[in-house]
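As structure tokens, the structure follows; a few thoughts come after it.
The values are calculated or read from the model by the stated rules, or taken from the named source; none is laboratory data. Since we're looking at a predicted model, the values are computed, not measured. So basically every Cβ, Gly included, is an ideal-geometry build from the backbone, and we count neighbours across all protein chains shown.
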Amino acid sequence: MALNYDQALEKYEPTLGLEVHVELNTASKMFCGCATDFGALPNTQTCPVCLGLPGSLPVVNAKAIESSIRIGLALNCSIAPFSRFARKNYFYPDMPKNFQTSQYDEPICINGYLDVTIDTDEGLKVYRVDIERVHMEEDTGKSLHVGGATGRIHGAEHSLLDYNRAGIPLVEIVTRIIPGTDKYAPEVARAYVAELRDILRSLGVSDVKMEQGSLRCDANVSIAPRDSQTLGTRSETKNVNSLRSVERAVRGEIIRQANRLEAGERIIQETRHFQEESGETRSGRSKEQAEDYRYFPEPDLLPIVADPAWIEELRLALPEKPSVHRKKIQEAWGVPDKEMAAMVNAELLTTVEETVALGAEPTKARSWWLGEISRLANEKSVEPTSLIQPSEVAQIIALIASGELTDKLARQVVEGVINGEGDPRMVIEKRGLKVVSDDSALMVAIEAAIASQPETAERIRGGNIPAAGALIGAVMKATGGQADAAKVRELLLKHLGQG
Amino acid sequence: MSTPIISQTAAQMSAELVAGSVTAVELTNAHLDRIAAVDGDVHAFLHIDREGALAQANAVDASRKAGEKLHPLAGVPLALKDVLAQKGVPTTCGSKMLEGWRPPYDATVVTNLKKAGVVILGKTNMDEFAMGSSTENSAYGPTRNPWDLSRIPGGSGGGSSAALASFEAPLAIGTDTGGSIRQPAAVTGTVGVKPTYGAVSRYGLVAFSSSLDQAGPCARTVLDTAMLHEVIAGYDPKDSTSINAPVGKMVEAAKKLDIKGMKIGVVKELGGEGYQSGVTIRFNEALEALVSAGAEIVEVSAPSFEYALAAYYLIAPSEASSNLARFDSMRYGIRVGDDGSRSAEAVMNMTREVGFGKEVKRRIILGTYALSSGYYDAYYGSAQKIRTLIKRDYDAAFVKVDVLVSPTCPTTAFKIGEKSNDPVAMYLNDVCTIPVNLAGIGSMSLPCGLAPEDGLPVGFQIMSPAMKDELMYQVGGTLEAALQSSWGKPLYASAPELAVK
């Protein structure tokens, strides 16, 4: 019998470490002047340098250095007074020079940390994630394997190479082992990547679009029996391209490893690829034999010696931290801790903020995004923001406030927008969801209700106000839910001499 | 000389062009004819760009006719070592690997030459990827020494030096990683200069060892190299290791002909036992000439030089193993084994097996090993420390003296095939030139006579502190004038007549 997550956690303790690659949004590449636009025709953003043509030489993009230092500062790192590029040597067709210009033992930023908060059984808990290093490197090109069943190299007839991405500046942010996450490892992983992404976004250094690969997460996971003093063998899961996937990948990997150990098998040190559909990981490259990258200092580039005064200037100009911003929002909106955490962990703070900025009342905005919309998103296994726009939600909330929609009708409008029936106004039009607020039309229904339940009506006349519920319900039913319940109540009570 | 104009110096040709007694097209044709007549034997060129050269020459003549202000070297022909990228012109680096490759861009050196109106005749032969001291490692056959066709012209830039000695070109560009400009100059009786590292842009120079490679001027006289130096040197934002400082006045220094009061250091470790007697004799005569010109000779010790060769043969192959990784058949050059059944990795392997020669493979293996995990500190790490010690030896010496001197190489030109099967004997040829590259300073080789025992040219090396390349031109120009006046004519004029076909 296969162990589920809870059973796996009873026997084993997980260990987590994360590596995040961020594509910087500089206008030009790391070592040449080529453009970095996403989605350009293959090989149209290349030159002798990023194609690694014989004789070409790299020149460092100063903006990339600045962005890297700002990232380091935002992550509480020390900025190295002297850092260097190094060559990481290995052969791969989509890497033009067959070495990657990266940083090795002298990275630009070291020893930082990032605090993340998650909701646990014991309430909100803060985990400190130590950052080992932040270093710069260049991205590789892309291989497209044609003719195989899965788009993988095995079984492909041929491969196409696109070097547009080759040389795009990357920053790699590596954590140390994150201690004490235990069963919350998946949530901590997700919260870390989310927090990091928010910081990077606030710095304006990257598009941080996981689905486009401008932010990529590799999760290093191992497990060890609860009584063990040593760490288990780790796997490195790649291709994790959404926050939800980060959480799923870590969870899936813990379950997989636990079941392997249960079956008496050992964990192989390897890279694994996350499968979006199944939530499982597939075996990739073995790392059993440590690859020898033959690092050595890049002789074509000078060491980076950053002026301390300039670093101070950058530090002072850092934007407000997302955590500070959140605190301000929480106070302004009067949101309880737990609900604030839920909103942040659901990745919906920015969306709710946008909705509020468009005029929606904060509590309403929060409740729509975290309630109905999240529920529908969950059903469809997608992100809520992919279903409906903040502007549409704000519009719906406004329509409720003005009495043009009831909550019940609004849910139908949301459903219609999600189904692609158009914006809220169009859905209301097409579905005929207008609230019945015409007094005479309502009075017809009210009188019909009184006629069908004369005894209830009598009780109300006698002062039993709560009895009105039954009649209001009947009216609502008769109008197909399109009546404004408050209005019905008002008219009914008035009609029975209680108004 | 069969054609007088080609035996002139570049400075003389420049004067004739300015005076209008010869046109750039005439001068270019004279050299193209000379190449056609003698290069079958010498094999200095891998590619002759007749059309491109004549087009450039025509453009210079037209500009001159239009009264435009031209660089003194405008219209003077030049031979370009095949390790520098020239747009649209085959660039092979002497390797089968790059057969058929035509770069889509110009090296900065080439851009500078074109800007000055220097006429590029073609690409010269070299040891494959500049690895060698004899030009025997070229995939396209060896170049022969115009002084004795059974002997090597030096290497790796044997094509450039042979082109000068055989009057196929008055100017040439070489590159020097461990002596590839100076040793060929020495054994062909010509002048070769390795400028301070960073003085000439490496952009477009196909890298052998990035931290050591440096392009430089080659010619038959010190003044000609100085003129060419000023054309090719200068800050280049495309090369991060390029020095951002104005180019010194090399021509002025070469013309000074005055070294009174200068202190010249003889490096104790570079000479004596193991050096051919004729080399030592001519070297000592040159020292006397310097003393007569008013210089003071001081003996200087550089104890770390003993380890220079060993350090060099770790650093250069290490960098080469990485620099040459890009030759994988995916984007340019030859491709072997791509029949639709093999993986990219298999095709890479087969291409590299066929495309690289023996010496290149030897150095890639050596460098790969030296950089390997567990060996890095012992090999690459130690070599870098020696490099620091060598720099310190130079720094200490330059406190006491203005320039340092030594023979350029321990022997005169050896026979083709003599050392092909003994790599270490071949490597030892560069024992005097290598410390210069490790320290990044400037150095020149100029002829100091013919060895009495074999009648072959001997080279005299002058080393100047980093960023003070003017000093070697000043000393070189003075020494050249003194020696030529004692010989009655330039050394190159004593070269045997080549058979004309």
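Tabulated data
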{"item": "Subset tally (residues that are more than 14 Å from chain A (Cβ to nearest Cβ) and of a type in the set (Gly, Ala, Ser)) for the range B:350-363", "result": "1"}
{"item": "Criterion (assigned to a loop (DSSP other than H, G, I, E, B) and surrounded by fewer than 21 Cβ atoms within 10 Å (Cβ to Cβ)) met by exactly one of A:Lys430, A:Lys434", "result": "A:Lys434"}
{"item": "Search result, residues across the range A:124-155 that are in contact with an Asp or Glu (Cβ under 6 Å, 6 or more places away or on another chain) and outside any strand (DSSP E or B)", "result": "A:Thr140, A:Gly141, A:Gly147"}
{"item": "The range B:232-247, subset buried (at least 22 other Cβ atoms within 10 Å of the Cβ) and away from chain A (no Cβ under 14 Å), residue farthest from B:Met463 (Cα to Cα)", "result": "B:Ile232"}
{"item": "Selection within the range A:235-277 - in a helix (DSSP H, G or I) and hydrophobic (A, V, I, L, M, F, W, C)", "result": "A:Leu243, A:Val246, A:Ala249, A:Val250, A:Ile254, A:Ile255, A:Ala258, A:Leu261"}
{"item": "Single residue of the range A:257-299 satisfying the filter (buried (at least 19 other Cβ atoms within 10 Å of the Cβ) and without any contact (Cβ under 8 Å) to a residue 40 or more places away in the chain) that is nearest to B:Ala316 (Cα to Cα)", "result": "A:Pro299"}
{"item": "Subset of the range B:213-231 (residues that are outside any loop (DSSP other than H, G, I, E, B), more than 14 Å from chain A (Cβ to nearest Cβ) and in contact with a Ser or Thr (Cβ under 8 Å, 6 or more places away or on another chain))", "result": "B:Gly216, B:Pro217, B:Cys218, B:Ala219, B:Leu223, B:Asp224, B:Met227"}
{"item": "Residue match in the range B:303-322 (condition: over 24 Å from B:Ala378 (Cβ atoms) and either touching a residue at least 12 places away in the same chain (Cβ under 8 Å) or within 14 Å of chain A (Cβ to nearest Cβ) (or both))", "result": "no"}
{"item": "Residues of the range A:263-288 classified as touching an Asp or Glu at 6+ places or on another chain (Cβ under 8 Å) and on the phi > 0 side of the Ramachandran plot, total", "result": "0"}
{"item": "The listed residue being buried (at least 24 other Cβ atoms within 10 Å of the Cβ), under 11 Å from the mean Cα position of the chain (by Cα) and hydrophobic (A, V, I, L, M, F, W, C), out of B:Val191, B:Val206, B:Val119", "result": "B:Val191"}
{"item": "Selection from the range B:78-103 of residues that are part of a helix (DSSP H, G or I) and either within 11 Å of another protein chain (Cβ to nearest Cβ) or under 20 Å from B:Ser160 (Cβ atoms) (or both)", "result": "B:Met97, B:Leu98"}
{"item": "Residue ID - farthest from the other protein chains (Cβ to nearest Cβ), chosen from residues in the range A:255-301 that are out of contact with any Lys or Arg (no Cβ under 8 Å at 6 or more places or on another chain) and of a type in the set (Val, Ile, Thr)", "result": "A:Ile255"}
{"item": "Selection status of A:Leu442, in contact (Cβ under 8 Å) with a residue 40 or more places away in the chain and among the hydrophobic types (A, V, I, L, M, F, W, C)", "result": "yes"}
{"item": "Flag for B:Ala233 being of a type in the set (A, V, I, L, M) and either under 21 Å from B:His71 (Cα atoms) or free of Cβ contacts under 8 Å to residues at least 40 places away in the same chain (or both)", "result": "yes"}
{"item": "Set A:Ile329, A:Ile311, A:Ile304: member being β-branched (Val, Ile, Thr) and within 14 Å of chain B (Cβ to nearest Cβ)", "result": "A:Ile304"}
{"item": "Any hit, the range B:154-176, residues being within 14 Å of chain A (Cβ to nearest Cβ), crowded, with 24+ Cβ neighbours inside 10 Å and not in a strand (DSSP E or B)", "result": "no"}
{"item": "Flag for B:Gly333 being crowded, with 18+ Cβ neighbours inside 10 Å and more than 21 Å from B:Thr175 (Cα to Cα)", "result": "yes"}
{"item": "Odd one out for A:Tyr92, checked against (1) at pLDDT 95 or above; (2) within 14 Å of chain B (Cβ to nearest Cβ); (3) part of a loop (DSSP other than H, G, I, E, B); (4) out of contact with any Gly (no Cβ under 8 Å at 6 or more places or on another chain)", "result": "(1)"}
{"item": "Scope the range A:16-51; condition assigned to a strand (DSSP E or B) and surrounded by fewer than 21 Cβ atoms within 10 Å (Cβ to Cβ); matching residues", "result": "A:Gly17, A:Glu19, A:His21, A:Ser28, A:Ala35"}
{"item": "The one condition in (1) in a strand (DSSP E or B); (2) under 30 Å from B:Asp454 (Cβ atoms); (3) not basic (Lys, Arg) that B:Ile120 fails to fulfil", "result": "(2)"}
{"item": "Criterion (within 21 Å of B:Ala15 (Cβ to Cβ) and hydroxyl-bearing (Ser, Thr, Tyr)) met by exactly one of B:Ser138, B:Ser95, B:Ser63, B:Ser134", "result": "B:Ser63"}
{"item": "Set A:Ala449, A:Ala486: member being more than 42 Å from the chain's Cα centre (by Cα), outside any loop (DSSP other than H, G, I, E, B) and small (Gly, Ala, Ser)", "result": "A:Ala449"}
{"item": "Failed item, numbered, when B:Lys238 is tested on (1) free of Cβ contacts under 8 Å to residues at least 60 places away in the same chain; (2) in contact with a Phe, Trp or Tyr (Cβ under 7 Å, 6 or more places away or on another chain)", "result": "(1)"}
{"item": "Helices (runs of 4 or more DSSP H) wholly inside the range A:278-356 containing at least 3 residues that are under 30 Å from A:Thr385 (Cβ atoms)", "result": "A:322-333, A:337-345"}
{"item": "Number of the exception - A:Gly39 against (1) at positive phi; (2) within 13 Å of another protein chain (Cβ to nearest Cβ); (3) without any contact (Cβ under 8 Å) to a residue 12 or more places away in the chain", "result": "(2)"}
{"item": "Near pairs, Cβ below 9 angstrom, 6+ apart or cross-chain, from the range B:364-385 (over 23 Å from B:Ser304 (Cβ atoms) and within 11 Å of chain A (Cβ to nearest Cβ)) to any residue that is at pLDDT 95 or above and in a loop (DSSP other than H, G, I, E, B)", "result": "B:Thr368/A:Arg294; B:Ser372/A:Arg294; B:Ser373/A:Tyr293; B:Ser373/A:Arg294; B:Ser373/A:Tyr295"}
{"item": "Evaluation of A:Asn61 against (1) facing chain B (nearest Cβ under 10 Å); (2) at pLDDT 95 or above (one fails), failing number", "result": "(1)"}
{"item": "Test: residue in the range B:362-382 that is modelled with pLDDT of 95 or more and among the acidic types (Asp, Glu)", "result": "no"}
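Yes or no, residue by residue, for (1) of a type in the set (Ser, Thr, Tyr); (2) buried (at least 17 other Cβ atoms within 10 Å of the Cβ); (3) closer than 29 Å to A:Pro322 by Cα:
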| residue | (1), (2), (3) |
| --- | --- |
| A:Ile65 | no, yes, yes |
| A:Ser68 | yes, yes, yes |
| A:Arg87 | no, yes, no |
| A:Asp94 | no, yes, no |
| A:Lys97 | no, yes, no |
| A:Gly112 | no, yes, yes |
